[in-house]
1. Filter the range 64-103 down to residues that are within 17 Å of residue 260 (Cβ to Cβ) and loosely packed, with under 11 Cβ neighbours inside 10 Å and give me whichever is modelled with the lowest pLDDT.
2. Give me the residue from the range 180-196 that is surrounded by 15 or more Cβ atoms within 10 Å (Cβ to Cβ) and closer than 15 Å to residue 155 by Cβ and, out of that set, modelled with the lowest pLDDT.
3. Would a scan of the range 228-235 turn up a residue that is loosely packed, with under 12 Cβ neighbours inside 10 Å, under 17 Å from the mean Cα position of the chain (by Cα), assigned by TED's automatic domain parsing to the domain that holds residue 48 and modelled with pLDDT under 95?
4. So residue 192 ticks every box in (1) touching a residue at least 60 places away in the same chain (Cβ under 8 Å); (2) in a strand (DSSP E or B); (3) within 29 Å of residue 37 (Cα to Cα) but one. Which box is left unticked?
5. Taking residue 199 as meeting all but one of (1) surrounded by fewer than 17 Cβ atoms within 10 Å (Cβ to Cβ); (2) assigned by TED's automatic domain parsing to the domain that holds residue 74, write down the number of the exception.
6. Looking at 55, 51, 60 in this structure, which one is out of contact with any helix residue (DSSP H, G or I) (no Cβ under 6 Å at 6 or more places or on another chain), outside the structural domain of residue 191 (by TED's automatic domain parsing) and modelled with pLDDT of 90 or more?
7. Just checking, how many residues over the range 106-145 are within 18 Å of the chain's Cα centre (by Cα) and not in a strand (DSSP E or B)?
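The values are calculated or read from the model by the stated rules, or taken from the named source; none is laboratory data. Note that the structure is a prediction, hence the values are computed from the model and not measured. Using ideal geometry, Cβ is built from the backbone for each residue, glycine included, and neighbour counts are taken over all protein chains shown.
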């Protein structure tokens with residue numbers, strides 16, 4: 001589902017997006033109110049939250065309470081675990097009444113109703129990444145993974161000091177995500193890499209440990225990740241406006257991501 005950028009979102013969705021101050025050139029952007037859904041299912045965890053909020057115009061004078069939705073009827077459907085009813089925990093967030101163990105390799109479906117609007121979304125929680133090599137190549141870390149159908153991959157490094165135990169630096173965004181490969185029953189080896197490691201690591205590499213966090217996402221996250229910047233206001237009047245952003249939530253005037261992912265940690269990368 002694609003929605004052209006006539007709205008300003010109440011939140012930035014899913015993993016590593018940061019906030020920044022932007023001077024908007026035009027304030028007369030056509031506005032429509034949309035329901036915004038943000039849900040993340042993490043493999044091998046036993047609980048989760050899904051947020052339901054509303055979009056709002058830049059010039060709106062609204063409080064936090066004005067954009068949070070507390071009247072949502074929602075549940076999660078799974079093929080092997082049954083149906084899990086959601087309840088409002090506050091601040092527009094909904095959690096299952098009973099704990100749910102998120103099983104890698106399983107598909108989860110979200111269904112919700114807000115007034116007369118019906119919303120749905122489906123996501124695969126991928127199996128843990130099948131990694132057979134991770135190492136420093138030049139000035140970054142490369143990870144080779146055997147891909148699985150329906151999954152894409154990314155990785156981030158963390159640097160921990162062996163001298164200053166309070167020092168810890170983690171990459172905030174993905175340098176890249178793998179492409180979508182393969183058909184049912186087929187696998188292929190894919191390489192993903194981190195951003196460049198800082199100079200101080202190479203000056204004294206024995207003083208640090210590099211760890212790697214590897215992510216396996218539902219492949220729908222790739223389309224979102226590649227288009228996520230398209231809804232930013234135009235900062236330069238000579239630049240071309242953004243296109244559309246991919247969302248995997250279905251429903252009238254509804255946008256957002258309901259996405260599954262699983263992670264694996266590797267330590268002491270050399």
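1. So the residue we want is 79.
2. Among those residues, the one meeting the criterion is 190.
3. Checked the range 228-235: at least one residue is loosely packed, with under 12 Cβ neighbours inside 10 Å, under 17 Å from the mean Cα position of the chain (by Cα), assigned by TED's automatic domain parsing to the domain that holds residue 48 and modelled with pLDDT under 95.
4. (1)
5. Condition not satisfied by residue 199: (2).
6. Unique residue meeting the criteria: 51.
7. Count: 4.
Residue-by-condition table, conditions (1) farther than 15 Å from residue 141 by Cα; (2) touching a residue at least 12 places away in the same chain (Cβ under 8 Å); (3) assigned to a strand (DSSP E or B):
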{"residue": "202", "(1), (2), (3)": "no, yes, no"}
{"residue": "210", "(1), (2), (3)": "no, yes, yes"}
{"residue": "214", "(1), (2), (3)": "no, yes, yes"}
{"residue": "217", "(1), (2), (3)": "yes, yes, yes"}
{"residue": "222", "(1), (2), (3)": "yes, yes, no"}
{"residue": "226", "(1), (2), (3)": "yes, yes, no"}
